[in-house]
Every structure is written in C-alpha cells, then in structure tokens.
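Just so you know, all these numbers are worked out from the coordinates, no wet-lab data involved. Everything numeric here is computed off the predicted structure, so don't read it as measured data. Heads up, the Cβs are rebuilt from the backbone with ideal geometry, glycines too, and the neighbour counts pull from every protein chain shown.
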Amino acid sequence: MTNDAYSLAGTAAAALKAATGLDSFDVALVMGSGWVPAADALGATVAEIPFTDLPGFAAPAVAGHGGKIRVVRTEAGRSALVFLGRSHLYEGRGAESVVHGVRTAAAAGVGTVVLTNAAGGLRPETQNVGDPVLISDHINMTGANPITGTTFLDLTEVYSRRLRALVREVDPEIAEGVYVAFRGPTYETPAEIRMLRTLGADLIGMSTVLEAIAAREAGLDVLGISLVTNPGAGLASEPLNHEEVLEVGRATAARMGVLLAKIVDRL
Ligand code: HPA
C-alpha cells in the first residue's frame, strides 16, 4: 500500500503541472482553518484547481477548509503552491490521505513546506488569541504515522531552525512552542489540557504532525506556524467552538497574509 501512496502523489504532481502549465514550484503552503483568508495577501493567483480534479484528493469535510490548490506568484517572483484546506485524520480516510498534499508538493519539486494551523494555547506566552506562534517541535498523540515499514526517520529537527530564525527576522516578537496533536474531532477535556501542559506542550491542535513527518521523509524543509484561536479547554471560562476558530482567522487575515508573504519572499 505504501508504494501506491507515493506513486499516487507522483501522478497527482504530474496532473497538477499539466493543469497549471507550470513545471516547477518553489514552496508549498498548507493553509489550516483560520489561515485560508490570509491566502489572498500572498500574491497574484496564477491558477486554481479544485482538489477533486487531482488523483488521490478528497474534498475536505470541514467548513473553513477551502478544498483547492492555488498557484500564487509572489511579489519577489516565487511560485507557491497554496493548499486551501487539508485532510484531517478525524475525517476517517487514514494517514496517507492526510499527507497526500505534502507528498504531491514534494513530487512536484518544492523544497520547503509551510504548515499552518489553528491551535489552542496552553501557556501564557502562547495564549494570546490572534497571535501567530512558531512551532519548535511536536508531540504526536494521534496514534498514527504516515510511514509504514522500516524507515526509521530521524526527527531531531522536524521544524527547521534556519526557517524559524528567518521568521524571527520578520517578526522578532513571535513566540515559539511545542505543538501537540490529538486525532480529534472532539476538543480536549480540561483534564487532557492539564496533562498536555505537564507533558511540555504549548499548543494543541488536530493536524500538522503527520504532514511534517511526511515532509521530512521527502527531504523538505518544514516551517510550522500556529494561529492561536483560543486558550485550551478549561483555561478560560467559555466552551470551545469551530466558528470562533474561523472568526479569529477572518479577523487576522491581513496580518497573517503579510507575515506569510514576507516569509515566502525570504525563503
Ligand atoms: N484544540 C484542538 N484543536 C484546536 C483548538 C483546540 O483548542 N483550537 C483550534 N484547533
């Protein structure tokens, strides 16, 4: 099965090149919930392809996860593959479906992937709603892994130090933290949030970790950025809801878009 997953990504990359008329791309960005509105600030749209036009992609199930790939030309002339939406483990299609976009981008020749997500903040420094936080490392508590077999991949530096330093040149104030992923789709209980804080996590979400692993397997440099949309469950008085996550994205779209554009142009 695993060989099939890699060759399916190769087929999707060929279809993507044919559909866009472009032969190479510099960078891929995965826009998590909360980040899709920021995509417009990245640069000029060159082409847009619905996921469902490409082999191996399924339409995302969640509101706020757009469901297409946009090719953007940035001001500095970089070509970016922007994934407006992603597949999640909780949608039930398995880890290979979750990482198909990243593997397709790798097969299409990108050298860097920027993984964005919406996350709950677990510590004072990572709890300012509307702030971006750099992901320094992750804890994979999904119980899943996109790699099957005997590839004992080194994960000592999943999230590139060089790329994080570059982001800090653009935004010296940006916080940094460890992202933990649960499978979802439920939000966490307050007891789970207390456990995660004890384990050393700073951010909680339901994505990114499997994509980061697949990206490292493919030899890509990875940059991870969370948009803090809420304090973790039980850390504030209100219950959590997905609409709040999307609203933070809408409210911060311009700021996050400008941040990403500056980063992409410095890659
Ligand atoms: N938990 C899990 N996923 C999330 C959260 C959260 O608090 N906020 C945004 N995505």
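Based on other C-beta atoms within 10 Å, arrange SER237, SER7 from fewest to most. Mind dumping the intermediate values first?
On the way: SER237 6, SER7 13.
Neighbour counts put them in this order, fewest first: SER237, SER7.
Against the longest alpha carbon principal axis of the chain, how many degrees, from 0 to 90 and to the nearest 10, is the axis of helix 2-20 turned?
On a 0 to 90 degree scale, this one is about 70.
Could you order the peptides 16-26, 149-159, 200-210 from most to least packed, using the average number of other C-beta atoms within 10 Å per residue? Kindly include the intermediate steps, with their values, before the conclusion.
On the way: 16-26: 15.1, 149-159: 11.2, 200-210: 25.5.
Averaged packing, sorted descending, gives the order 200-210, 16-26, 149-159.
FRET efficiency for THR186 and ASP53, Cβ-Cβ distance as r, R0 = 41 Å, nearest 0.05?
Numbers: r = 32 Å, r/R0 = 0.79.
For R0 = 41 Å, the calculated efficiency reads 0.80.
Which whole-percent values make up P(r) of the stretch 163-267 when all C-alpha to C-alpha distances are grouped in 5 Å steps starting at zero?
2, 10, 17, 21, 22, 16, 9, 3, 0
State to the nearest 20 debye the size of the charge dipole of the stretch 124-267 about its Cα centre, where the only charges are +1 on K and R beta carbons and -1 on D and E beta carbons.
My answer is approximately 200 debye.
Nearest 10 degrees is fine. How inclined is helix 161-170 to the longest principal axis of the chain, computing both from alpha carbons?
Computed tilt is about 80 degrees.
Can you tell me the orientation of helix 242-266 relative to the chain, as the angle in degrees between its alpha-carbon axis and the longest Cα principal axis, to the nearest 10?
Result, in degrees: 60.
Over all directions, the average projected area of the alpha-carbon convex hull for the stretch 20-150 comes to how many nm²?
Working: hull surface 37.7 nm².
Result: a mean projected hull area of 9.4 nm².
Once Rh is set to the Kirkwood radius over Cα pairs, what Stokes-Einstein translational diffusion coefficient, in µm²/s, holds for the chain at a temperature of 4 °C and a viscosity of 1.567 mPa s?
Values: Rh = 18.2 Å.
Answer, rounded: 71 µm²/s.
Given Cα positions, please report Rg to Rh for the stretch 161-222, the hydrodynamic radius being the Kirkwood one. Write down the numbers at each step before the final one.
On the way: Rg = 14.1 Å, Rh = 13.6 Å.
When Rh is taken as the Kirkwood radius, the ratio is 1.04.
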